[in-house]
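What follows is a set of notes on a single structure, which appears directly below.
The values are calculated or read from the model by the stated rules, or taken from the named source; none is laboratory data. These numbers were taken from a predicted model, which means no experiment stands behind them. All Cβ positions, glycine included, derive from the backbone under ideal geometry; neighbour counts span all protein chains shown. Note: areas computed on protein heavy atoms with side chains; ligands, DNA, RNA excluded. Shrake-Rupley method; radii C 1.70, N 1.55, O 1.52, S 1.80 Å.
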Amino acid sequence: MNLLERRNSLLGIEFDRYMKEHPEFSERIPDNAHVILLLEGDEEFNNWSIRIGKKQAESGQPLIFVTIKKLGPAHSRIEELELVTG
């Protein structure tokens with residue numbers, strides 16, 4: 001998996017989380033739409049994402065472009081760890 005594919009995968013995970021936390025946003029996306037994620041300020045990723053997204057969309061399927069304008073800081077969701085030495 002190359003850098004752009006990894007970026008798209010991570011943005012997809014974050015977008016799914018956002019949709020679960022903001023169901024009113026998901027209501028704005030038409031049924032059967034193909035969502036293409038864009039990242040504000042990242043022209044290389046955006047060009048790649050548009051090209052791949054259009055290629056993956058089915059004929060006549062509506063395209064929805066979602067621009068992610070700002071990402072919060074990444075953080076771990078791990079609440080507890082155990083360290084064992086050998």
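Only one entry in 43, 82, 27, 5 is over 15 Å from the mean Cα position of the chain (by Cα) and modelled with pLDDT of 95 or more, namely 43.
Kindly establish whether residue 12 is at positive phi and of a type in the set (Gly, Ala, Ser). No. Within region 19-33, if we keep just the residues that are outside any loop (DSSP other than H, G, I, E, B) and open to solvent by 100 Å² or more (accessible area, probe 1.4 Å), the residue that is nearest to residue 63 (Cα to Cα) turns out to be 24. Of the residues making up region 34-49, those that are exposed (fewer than 15 other Cβ atoms within 10 Å of the Cβ) and either assigned to a helix (DSSP H, G or I) or touching a residue at least 60 places away in the same chain (Cβ under 8 Å) (or both) are 43, 44, 47.
Hey, any hits in region 52-59 for a residue that's polar (S, T, N, Q), assigned to a loop (DSSP other than H, G, I, E, B), farther than 17 Å from residue 4 by Cα and open to solvent by less than 100 Å² (accessible area, probe 1.4 Å)? Within region 52-59 (the criterion being polar (S, T, N, Q), assigned to a loop (DSSP other than H, G, I, E, B), farther than 17 Å from residue 4 by Cα and open to solvent by less than 100 Å² (accessible area, probe 1.4 Å)), the answer is no, since none of the residues qualifies. When the test is whether a residue is open to solvent by less than 50 Å² (accessible area, probe 1.4 Å), in contact with a strand residue (DSSP E or B) (Cβ under 9 Å, 6 or more places away or on another chain) and modelled with pLDDT under 95, residue 64 does not pass it.
Scanning region 67-79 for residues that are modelled with pLDDT under 95 and either of a type in the set (Gly, Ala, Ser) or exposed (fewer than 10 other Cβ atoms within 10 Å of the Cβ) (or both) yields a count of 9.
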